[in-house]
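Below you'll find the structure, written out as structure tokens, and then a few comments.
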Amino acid sequence: MRLGGVDEWFGGWQNLTDEVAEKIVALGFTGMGLHYSGDPLEQSLDDALKTKAILDKHNIEIVQFWGSYPSLIGPDDDERREAVRIGRNIIQRAAELGAVTASLRPTSMHPTSQWGPHPDNYTPETRDRLVRSLSEIAEACEVHQVPMTLEVHATTTLSDAETIRHIIERTGSSWIKVNADLVNFITNFKDAYNTTAVINHVFDVLGPYISTAHLKDVVTDAPLVVHISEALPGTGLMDWDTLFTRFEALLPDGYALIEHLKDYNDVVQARDFVVGKLNDLNIPIRQ
């Protein structure tokens with residue numbers, strides 16, 4: 001397994017400096033997931049390559065590369081086509097930067113949040129629009145020879161393992177992969193208290209499509225009615241033994257990235273837990 005992080009603690013692609021890169025190396029990370037705040041082709045390739053040179057200098061790999069775009073699944077086809085256009089640009093820039101994969105979120109029918117819940121996220125018509133959008137973006141994957149990795153969440157159209165697999169297979173593209181973010185599959189207390197079953201089910205159904213993983217924990221909260229939250233790795237209910245064992249068996253050279261931590265000290269704490277757990281399991285951290 002290879003170990004890395006995601007860039008929330010330093011604010012994304014445009015804030016990457018030599019000083020930040022030195023901190024990444026000090027964490028023992030060899031790869032990072034990096035966000036561009038809009039259409040990445042807004043930035044000149046020359047400027048993007050200057051940032052890439054910082055990463056290369058410190059032997060840090062771009063594991064996942066994101067951009068931002070409007071809804072891929074809404075009924076407004078002009079908006080959908082704009083999202084596809086930017087999605088293709090994300091693929092292009094990921095290829096130009098030598099990223100392992102370009103990452104794309106499924107978006108939502110929610111009026112203000114791309115991760116917000118909405119009943120129409122689960123309709124056949126919405127699934128059809130997502131299949132169309134992903135198929136059109138995948139054409140750029142073929143051109144630029146870089147895969148896309150889908151972010152998933154229970155609140156979105158990519159809500160569960162079977163639906164995700166079905167949507168990928170409907171596109172007919174071998175370039176579409178999945179990020180195994182196990183917390184995002186947990187929808188109720190039963191799942192939260194039996195993450196072993198959730199992990200095994202996701203790997204059983206989606207194993208052929210998994211390319212990366214995100215590492216975070218899950219906790220249940222007291223306020224009524226249902227509150228299930230992310231937490232630092234090692235502070236919640238996640239069955240890390242099963243998660244790491246399944247991921248190592250599937251992708252021994254694959255990247256698992258510590259995600260959604262905005263404080264550097266929290267990243268250090270999470271890193272220490274993950275490294276300790278991998279050592280306990282005799283799973284090597286590959287460079």
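Brief remarks follow.
- Length gained on full extension, Leu45 to Asp77, computed as 0.36 nm times the residue gap minus the Cα-Cα distance: 8.6 nm.
- Amide H contacts under 5 Å for His110, placed H, 5+ residues apart: Gly116
- Per-residue HN-Hα couplings for the range 202-217 [Karplus 6.51, -1.76, 1.60; θ = phi - 60°; Hz; x = Gly/Pro]: 4, 5, 5, 7, 9, x, x, 10, 6, 10, 8, 9, 10, 10, 7, 10
- Cα convex hull volume per residue for the chain (Å³): 124 Å³
- The alpha carbon centroids of the range 1-54 and the range 201-224 are separated by 25 Å.
- Taking every DSSP bridge with both residues inside the range 2-280, close to 15 percent are antiparallel.
- Label zone at Asn200, where the point sits 7 Å out along the Cα-to-Cβ direction: the range 234-251 residues whose backbone N lies under 19 Å: 237-251
- Among Leu27, Leu182, Leu49: highest mean-square fluctuation, GNM of the chain, C-alpha pairs under 10 Å: Leu49
- Only Cα pairs under 8 Å and 6+ residues apart enter the sum, and on that basis the relative contact order of the range 2-280 stands at 17 percent.
- From the Kirkwood radius over Cα pairs of the range 1-90, Stokes-Einstein at 20 °C and 1.002 mPa s returns a whole-number translational diffusion coefficient of 152 µm²/s.
- Computed P(r) (all Cα pairs; the range 39-136; 10 Å bins; percent): 15, 42, 26, 14, 3
- Sequence-distant lysines (8 or more away, or on other chains) whose Cα lies within less than 28 Å of Lys277: Lys23, Lys177, Lys190, Lys216, Lys262
- Rounded Å value of the spacing that divides the Cα centres of the range 264-286 and the range 115-155: 32 Å
- DSSP-loop trypsin sites (Lys or Arg not before Pro) across the range 164-265, with at most 15 other Cβ within 10 angstrom: Lys262
- Top of Arg271, Arg85, Arg93 by mean-square fluctuation, Gaussian network on the chain, Cα under 10 Å: Arg85
- Rounded to the nearest 20 debye, dipole of the chain from Cβ charges on Lys, Arg, Asp, Glu: 380 debye
- Note on the chain: with a GNM built from Cα contacts shorter than 10 Å, the maximum mean-square fluctuation among Asp160, Asp181, Asp18 falls on Asp18.
- Scattering curve values for the range 160-263, log₁₀ I(q)/I(0), Debye with Cα scatterers, q = 0.23 Å⁻¹: -1.28
- With the simple spin-label model, which puts each label point 7 Å out from Cα in the Cβ direction, the His166 to Phe189 separation comes to 2.9 nm.
The numbers here are math on the coordinates, done by the rules we state, and not lab data. Owing to the predicted nature of the structure, the values given are computational and were not obtained by experimental measurement. Please note: Cβ atoms are built from the backbone with ideal geometry, for glycine as well, and neighbour counts cover all protein chains shown.
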